[in-house]
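Beneath this line is the structure, given in structure tokens, with notes to follow.
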Amino acid sequence: MAQNSKPADAVTPRLGKPLKRSFFNRSVHEVAPDLIGATLLVDGVGGIITEVEAYHHLDPAAHSFRGPTPRNRVMFGPPGFAYVYRSYGIHWCVNFVSEAEGSASAVLIRALQPTHGLPAMRRRRGLQDERALCSGPGKLTEALGITIKHNELPLDVPPFALHARLGNADIAAGVRIGITKAVDLPWRYGLKGSRFLSKPF
């Protein structure tokens with residue numbers, strides 16, 4: 001290795017403009033694909049969003065479909081806030097509340113390409129494989145240190161930071177994963193050809 005070269009972990013991509021809460025104040029079906037290629041950081045740790053799923057309040061697979069509960073109440077509030085819940089009693093999942101207040105729609109973040117804070121992610125996940133660090137909704141929350149304490153926090157204020165993607169993205173769409181209702185809706189979006197997905201399209 002050359003004397004002045006840096007390890008791959010030290011090379012991080014440029015960041016786009018910060019995304020504000022207003023970014024989420026529109027259809028969840030516009031927000032979800034627009035998040036592909038954006039960068040999500042939590043206390044400076046994170047990466048490029050490569051896979052998401054949209055959940056609309058009229059969608060029987062959405063947590064908000066049957067109305068507000070103590071768990072999902074943030075979904076019924078204003079857009080641009082985090083909705084964090086425990087999945088199968090095992091791992092946390094993070095969603096971004098979208099659409100106007102009362103709509104109760106959200107985008108589940110399914111996978112990231114790690115770009116910032118890889119040592120912290122590897123320590124939290126207990127593994128070295130970069131491709132496996134954030135290749136699923138529970139894996140990425142563990143890698144980024146997201147827990148219930150992040151529920152109902154605004155997405156444009158620390159510890160969260162979101163940055164718009166730079167340039168265009170080639171986006172794939174397909175059916176969502178791990179649900180039993182509305183299974184035919186093509187509301188899963190991902191970065192076409194990415195190695196950093198929970199499951200290929």
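The values are calculated or read from the model by the stated rules, or taken from the named source; none is laboratory data. Keep in mind that what you see is a predicted model, and the values were worked out from it rather than measured. Note that each Cβ is placed from the backbone with ideal geometry, even for glycine, and that neighbours are counted across all protein chains shown.
Count, please, the residues in region 94-108 that happen to be of a type in the set (Ser, Thr, Tyr) and either in contact with a strand residue (DSSP E or B) (Cβ under 8 Å, 6 or more places away or on another chain) or closer than 9 Å to Ala32 by Cα (or both).
2
Please go through region 145-201 and pick out each residue that is modelled with pLDDT under 95, of a type in the set (A, V, I, L, M) and under 14 Å from Ile36 (Cα atoms).
Within region 145-201, Leu166, Ala169 qualify.
(1) without any contact (Cβ under 8 Å) to a residue 60 or more places away in the chain; (2) exposed (fewer than 15 other Cβ atoms within 10 Å of the Cβ): which one isn't true of Arg195, the others all being true?
So Arg195 meets the others, but not (1).
Of the residues Val94, Val45, which is buried (at least 16 other Cβ atoms within 10 Å of the Cβ), under 12 Å from the mean Cα position of the chain (by Cα) and either modelled with pLDDT of 90 or more or on the phi > 0 side of the Ramachandran plot (or both)?
One residue alone meets the criteria, Val94.
Quick check on my filter: what residues within region 168-192 are outside any loop (DSSP other than H, G, I, E, B) and either of a type in the set (A, V, I, L, M, F, W, C) or touching a Ser or Thr at 6+ places or on another chain (Cβ under 8 Å) (or both)?
Passing the criteria: Ile171, Ala172, Ala173, Gly190, Leu191.
Only one of Gly102, Gly126 is surrounded by fewer than 17 Cβ atoms within 10 Å (Cβ to Cβ), more than 13 Å from the chain's Cα centre (by Cα) and modelled with pLDDT under 95; which?
Criteria check complete, one pass: Gly102.
Answer yes if at least one residue in region 26-33 is within 25 Å of Gly102 (Cβ to Cβ), surrounded by 20 or more Cβ atoms within 10 Å (Cβ to Cβ), under 11 Å from the mean Cα position of the chain (by Cα) and at pLDDT 95 or above, and no otherwise.
Yes; the residues of region 26-33 include at least one that is within 25 Å of Gly102 (Cβ to Cβ), surrounded by 20 or more Cβ atoms within 10 Å (Cβ to Cβ), under 11 Å from the mean Cα position of the chain (by Cα) and at pLDDT 95 or above.
Among the residues of region 25-61, count how many are under 22 Å from Gly138 (Cα atoms) and not in a loop (DSSP other than H, G, I, E, B).
Residues in region 25-61 being under 22 Å from Gly138 (Cα atoms) and not in a loop (DSSP other than H, G, I, E, B): 21 in total.
Looking at Arg165, is it of a type in the set (Lys, Arg), touching a residue at least 24 places away in the same chain (Cβ under 8 Å), in a loop (DSSP other than H, G, I, E, B) and closer than 24 Å to Gly16 by Cα?
It is true that Arg165 is of a type in the set (Lys, Arg), touching a residue at least 24 places away in the same chain (Cβ under 8 Å), in a loop (DSSP other than H, G, I, E, B) and closer than 24 Å to Gly16 by Cα.
Run Gly117 past the list (1) at positive phi; (2) out of contact with any Gly (no Cβ under 8 Å at 6 or more places or on another chain); (3) crowded, with 16+ Cβ neighbours inside 10 Å and report the number of the one that doesn't hold.
Answer for Gly117: the failing condition is (2).
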